[in-house]
Amino acid sequence: MKCSLIVPVFNEGLIIEGFCEELEAIKEDFDEVIFVDGGSTDDSVKILNSFKNSLNAKIIELEQSLPGKGRNYGVKAASHSIIVFIDIGVSPAKDWLSNLKKNYSENDLPFCWGCCHFEGSSLVPSILAALSTGQRRTLEYVIPASLFHKSIFDEIGFFDPTLRAGEDVLFRRGIFKKYGLGGLCREAVVSYRTFPQTFYKCLLKWFIYASFCSRGNISNKQEVAYYFCFSFISILCYFNTYSSLIFLAIYLLLRGILDPIRRSCSLKWWYPNLLSFLLAPLFAFSLDLAKCLGFLKGRLLGTVVKFF
């Protein structure tokens, strides 16, 4: 079964060499890898060229390309009908692709879903993981871990090329709508390793992600909940400071203490660093505020674009 790996790239110079070395360890499982660079300004393309022969790689250079557009170009340039997506920010297990292909050959669906393990290895990444995916948790049905036959793009369509975040969610929803929850291979696992390392980068990532999700109408119910929550806190603070402090305390308890436990399925998600547990409520409030502002920006920009 011949397959093509599609990898979007943008300013990955710090980690791209290690990623390519990991691909070399499993290169017998794929027949070509297509890197689609979205206009990197660092040495990403130069490093990729050094692995071009060993990985049988094609390198496509685009200007100002977002992940969805990069994947679309990669699919169209692929030499084989079996497409596998992976991102430079994840690390594939040695049996990831072989398990994926084996499962695909044994079912009648034109795709096979893989899984991604999320684990922050230091203070900030561990908090971020606990507040989003869950610390030390493996999520199922992840696009940059999965395999698809090219025919799926005729049925579902391609990725939205205008979104920097959320384009994978829309694509996945299209497949779920047509085929339901099937074709999952729990033995096909990659590991996410590129959580932001600083508080500022966390805020920026959350803000940008929310902005594009709002523009793509991906999480409308969540967006309304965020608007209500922060508007309510602001109104309470104006009219009754004591009540606002009580509401804020309840919010921090639910979002900063209980929610990480729920997402991580562990009371001691923070172990062995107790500081992660203590800082989680502050991170939760700050990240949620950044997300709310991102939603607002995306909604306003979307309105302006439609108006003009």
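Details
- Filtering segment 9-43 to residues that are among the small types (G, A, S) and closer than 16 Å to E61 by Cα leaves G13, G38, G39, S40.
- Qualifying residue in segment 173-194 (condition: farther than 30 Å from L279 by Cβ, modelled with pLDDT under 95 and not assigned by TED's automatic domain parsing to the domain that holds G38): no
- Pick from segment 93-111, criterion in contact with a Ser or Thr (Cβ under 8 Å, 6 or more places away or on another chain) and over 22 Å from K69 (Cα atoms), ranking: surrounded by the most Cβ atoms within 10 Å (Cβ to Cβ): L100
- For beta carbons closer than 7 Å, sequence separation of 6+ or different chains, a first residue in segment 112-126 that is surrounded by 22 or more Cβ atoms within 10 Å (Cβ to Cβ) and a second that is part of a strand (DSSP E or B) and among the aromatic types (F, W, Y), the qualifying pairs are W113/Y141; C116/Y192; F118/Y192.
- Strands (runs of 3 or more DSSP E) enclosed by segment 1-90 - at least 2 residues per element that are more than 26 Å from L170 (Cβ to Cβ): 57-61
- Matching residues in segment 150-174 - criterion: being within 23 Å of S79 (Cα to Cα), in a helix (DSSP H, G or I) and hydrophobic (A, V, I, L, M, F, W, C): I152, F153, I156, F171
- The sole residue among F207, F232, F212 that is in contact (Cβ under 8 Å) with a residue 12 or more places away in the chain and more than 30 Å from I16 (Cα to Cα) is F232.
- Exclusive hit being surrounded by fewer than 22 Cβ atoms within 10 Å (Cβ to Cβ), without any contact (Cβ under 8 Å) to a residue 24 or more places away in the chain and charged (D, E, K, R), set E28, E17, E32, E22: E28
- For the residues S151, S146, the requirement of being among the polar types (S, T, N, Q), closer than 14 Å to P110 by Cα, in the same structural domain as D37 (by TED's automatic domain parsing) and crowded, with 18+ Cβ neighbours inside 10 Å singles out S146.
The values are calculated or read from the model by the stated rules, or taken from the named source; none is laboratory data. In this text, all values refer to a predicted model and were calculated from it rather than measured experimentally. Cβ coordinates were reconstructed from backbone atoms using ideal geometry, including for glycine residues, and neighbour counts include every protein chain displayed.
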